[in-house]
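Before any comments, here is the structure.
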Amino acid sequence: MTLKYEQRQSSKLSLICGCIGLVGCIAAIATDFIGIIVVEKHNPISDTISSLAIEKAAWIQDTGLDLFAAGLIACAIALYAWHLGKTKWKAGTLMLALLGIDVLLIAEHNKYAGREDVSGAAIHIYCVYALGILFTLVPLLLAFGLRKVSRKWFRLSLGTAIAWGILSPIFFFIPTSWDGIYERFLSLIMIGWVAAISVLLFQRGQGVFDVSSK
């Protein structure tokens, strides 16, 4: 009875966290579109996402990032409870939670992006560097545990890590006339992976599969 109770609780946790993750992904995309419409003269091709947070409507972009960060942390909590590995799995879920905190810090310091006269600008760029490193490691480390769910999930997570690891550093060499659209392209890679994981959590919560039997 105790085992069944724990399985039910794990399913509920997966369902709730999966929903939070999906809401965060939708919010991140929706607020970017809203910001582009609301902020005058914002060019999504040449202007970065951070530039939306400098305007009067900065709260829109910040809200989206905060909700996305909450989704990342929720996914980390639910995945940790799956116990699909030891060191790699635990490290991956911990880094996923740290990634959520990092996104929160980025949202808080977005208004300083590109400014060299304030300390907040340094914090912002360090957080961006951390994001690049963390999101290379998170899907890579979790891929090995996700193989216990199916090889499809292993390949998806590993492929995401490889693609991100190759493509994200290029952002710093993209001409400023194109860095906005490239940043949004990279953002879609991250959001896509988080959305996929959120769907997986949702499916687990609905009893589509049982991780305890893997």
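Observations, loosely collected:
- If the condition is being in a helix (DSSP H, G or I) and either at positive phi or among the charged types (D, E, K, R) (or both), then the stretch 58-84 contributes D62, D66.
- Residues that are in a helix (DSSP H, G or I) and out of contact with any Leu (no Cβ under 9 Å at 6 or more places or on another chain), drawn from the stretch 142-151: R151
- In the stretch 160-200, of all residues being among the small types (G, A, S) and within 30 Å of S11 (Cα to Cα), the one that is surrounded by the fewest Cβ atoms within 10 Å (Cβ to Cβ) corresponds to G192.
- The condition of being modelled with pLDDT of 95 or more and either in contact with a Gly (Cβ under 6 Å, 6 or more places away or on another chain) or β-branched (V, I, T) (or both) holds for only one of L201, L186, L167, that being L201.
- Residue, nearest to V128 (Cα to Cα), within the stretch 164-200, restricted to residues that are among the hydroxyl-bearing types (S, T, Y) and in a loop (DSSP other than H, G, I, E, B): T176
- Residue in the stretch 163-183 that is within 19 Å of G21 (Cβ to Cβ) and under 20 Å from the mean Cα position of the chain (by Cα) present: yes
Yes/no per residue for (1) of a type in the set (A, V, I, L, M, F, W, C); (2) at pLDDT 95 or above; (3) within 22 Å of F154 (Cβ to Cβ):
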site	(1), (2), (3)
G24	no, yes, no
E40	no, no, no
S46	no, no, no
I49	yes, no, no
W59	yes, no, no
A78	yes, yes, yes
K86	no, no, yes
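- For the stretch 201-210, the condition holds for no residue, the condition being that it is assigned to a loop (DSSP other than H, G, I, E, B) and surrounded by 14 or more Cβ atoms within 10 Å (Cβ to Cβ).
- Residues located in the stretch 99-153, provided they are under 20 Å from the mean Cα position of the chain (by Cα), over 24 Å from G192 (Cβ atoms) and either at pLDDT 95 or above or among the hydroxyl-bearing types (S, T, Y) (or both): Y126
The values are calculated or read from the model by the stated rules, or taken from the named source; none is laboratory data. It should be emphasised that the depicted structure is a prediction, and the values quoted were computed from it without experimental measurement. Positions of Cβ are generated from backbone atoms using ideal geometry, with glycine treated the same way; all protein chains shown enter the neighbour counts.
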